[in-house]
1. Pairs under 6 Å by beta carbon, first residue without any contact (Cβ under 8 Å) to a residue 60 or more places away in the chain in the stretch 84-102, partner open to solvent by 70 Å² or more (accessible area, probe 1.4 Å) and part of a helix (DSSP H, G or I), six or more apart or different chains?
2. Please find, within the stretch 119-131, the residue that is least open to solvent (accessible area, probe 1.4 Å) out of those that are without any contact (Cβ under 8 Å) to a residue 60 or more places away in the chain and farther than 13 Å from Met182 by Cβ.
3. Which residue, of Asp81, Asp116, Asp96, is over 19 Å from the mean Cα position of the chain (by Cα) and at pLDDT 95 or above?
4. Taking the residues in the stretch 11-29 that are in a helix (DSSP H, G or I) and either among the polar types (S, T, N, Q) or surrounded by 13 or more Cβ atoms within 10 Å (Cβ to Cβ) (or both) as candidates, determine which candidate is modelled with the lowest pLDDT.
5. Pick from the stretch 77-98 the residues that are in contact with a helix residue (DSSP H, G or I) (Cβ under 8 Å, 6 or more places away or on another chain) and open to solvent by 50 Å² or more (accessible area, probe 1.4 Å): which of them is farthest from Asp132 (Cα to Cα)?
6. Just for helices (runs of 4 or more DSSP H) wholly inside the stretch 224-332: which have at least 1 residues that are surrounded by fewer than 13 Cβ atoms within 10 Å (Cβ to Cβ) and at pLDDT 90 or above?
7. In the stretch 40-72, what residues are among the polar types (S, T, N, Q), open to solvent by 100 Å² or more (accessible area, probe 1.4 Å) and assigned to a helix (DSSP H, G or I)?
Amino acid sequence: MESDPSVRIPRPTFSYESLNAEFAALSEEEQRKVLRDRYGRGDEIKETPEFISECLQQFKKEIDSIQNKEAYDIALFILPDYVESDRFRLAFLRADYFDAKAAARRMVTYWERKVDLFGTDKAFNPSISVLDFEESDYPALAAGGIRLLPHLDDHGRALLWNYPGYYHDCSVLSMTRLHWFMVHEALFNNTMSEVVQIKGVVGLAGNAFPVHLAIPFNSMTEVQQFASITASDYNSALPTRPRCYHRIAANEFGHRFFEYLLHYVVPRFRPLFSFYKSRNFWKNRFALSQCGIPPEKVPFELAGDLQFNYQQWLNDRITEDLASSVRTIRAD
């Protein structure tokens with residue numbers, strides 16, 4: 001089915017040609033880094049015990065030197081063992097390539113953003129639970145416009161599938177909460193979380209099949225807000241490395257929509273984007289495989305072979321969180 005002719009996307013101020021020009025303007029080393037990340041061959045820092053110990057000590061000095069960090073201080077008071085744990089702090093150090101000063105700023109911003117999103121009554125929990133969502137968030141949670149896929153790619157990176165077609169009638173706040181929830185699932189609530197912290201995340205977006213498309217949310221202004229917020233959170237708050245982003249457009253509507261969003265992406269992230277048109281079915285499967293994402297790890301909706309039952313995953317997660325909540329109440 002063709003896209004709704006009544007839907008109009010403003011003329012993009014940034015285009016795929018602009019993206020190519022930005023990549024060409026990068027230094028040779030910067031271009032090599034982008035390509036290494038895209039194909040899963042990014043440089044890794046050797047994490048020896050001595051190196052980790054030194055970085056953690058430097059991190060403590062840097063975060064102690066930050067004066068205005070109210071949300072962090074509250075988190076430290078309520079959850080000292082968690083906040084000061086090596087596992088938690090290493091996630092931030094890895095996100096900033098062991099730059100202790102940048103990692104400390106990221107952690108402070110992380111707690112500020114968590115309070116903004118979930119409020120003081122829910123922000124200071126070690127994890128994010130489905131029970132932390134408000135009733136107004138349920139449509140976003142049920143639709144699953146952002147999903148953590150069940151398999152890591154061949155290089156150990158988490159795969160987050162983002163489908164804007166499932167955002168309709170969801171608020172920007174609800175979708176941002178859902179995004180944080182899924183990132184936390186990958187980084188802290190998974191048997192392979194330490195691997196993901198080291199390797200980073202890869203984004204998949206779109207739908208390979210022509211469907212009736214509506215603009216996500218309720219206006220293009222909200223689309224802009226969500227794109228800007230998401231890019232900003234990756235840039236300064238979320239403790240992870242976005243390695244690359246693959247977008248597949250089913251038709252001209254989707255192609256123009258993704259092009260429009262590029263303007264609202266933090267410039268340093270734009271070179272990470274790759275774009276595909278769904279009519280190049282076999283070519284796309286091969287291209288993703290070359291990046292470490294074979295068809296068996298790609299959702300059917302993106303022309304892969306993975307049949308991922310999101311509703312079952314969500315039901316299992318709700319059951320798990322309810323059981324955990326009951327155990328906590330009994331312990332208290």
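The values are calculated or read from the model by the stated rules, or taken from the named source; none is laboratory data. Model, not experiment: these values are computed from the prediction. No Cβ is skipped: glycine too gets one built from the backbone with ideal geometry, and neighbour counts run over all protein chains shown. The accessibility values were calculated without ligands, DNA or RNA, using every heavy atom of the protein model including side chains. Shrake-Rupley method; radii C 1.70, N 1.55, O 1.52, S 1.80 Å.
1. Ala100/Gln58
2. First, pick out the residues of the stretch 119-131 that are without any contact (Cβ under 8 Å) to a residue 60 or more places away in the chain: 119-125, 128.
In the following step, the residues that additionally are farther than 13 Å from Met182 by Cβ were identified as 119-125.
On the way: Gly119: 23, Thr120: 96, Asp121: 117, Lys122: 39, Ala123: 0, Phe124: 17, Asn125: 58 Å².
Ranking the candidates gives Ala123 first.
3. On the way: Asp116 fails: over 19 Å from the mean Cα position of the chain (by Cα); Asp96 fails: over 19 Å from the mean Cα position of the chain (by Cα).
Among Asp81, Asp116, Asp96, only Asp81 is over 19 Å from the mean Cα position of the chain (by Cα) and at pLDDT 95 or above.
4. Step one: filter the stretch 11-29 for residues in a helix (DSSP H, G or I), giving 16-25, 28-29.
Subsequent filtering for residues that are either among the polar types (S, T, N, Q) or surrounded by 13 or more Cβ atoms within 10 Å (Cβ to Cβ) (or both) retains 16, 18-20, 22-23.
Details: Tyr16: 71, Ser18: 79, Leu19: 80, Asn20: 83, Glu22: 86, Phe23: 86.
For the stretch 11-29, the residue satisfying everything is Tyr16.
5. Within the stretch 77-98, the first condition is being in contact with a helix residue (DSSP H, G or I) (Cβ under 8 Å, 6 or more places away or on another chain), and the residues that meet it are 82-84, 86-96, 98.
Next, only the ones that are open to solvent by 50 Å² or more (accessible area, probe 1.4 Å) stay: 84, 86-87.
Details: Glu84: 23, Asp86: 25, Arg87: 23 Å.
Per the criteria, the residue is Asp86.
6. Details: elements: 252-261, 281-290, 310-331.
Of the helices (runs of 4 or more DSSP H) lying wholly inside the stretch 224-332, those with at least 1 residues that are surrounded by fewer than 13 Cβ atoms within 10 Å (Cβ to Cβ) and at pLDDT 90 or above span 281-290, 310-331.
7. In the first step, residues of the stretch 40-72 are kept if they are among the polar types (S, T, N, Q); the result is 48, 53, 57-58, 65, 67-68.
Right, trim to open to solvent by 100 Å² or more (accessible area, probe 1.4 Å) and you get 57, 67-68.
Listed by number, the list holds a single entry, Gln57.
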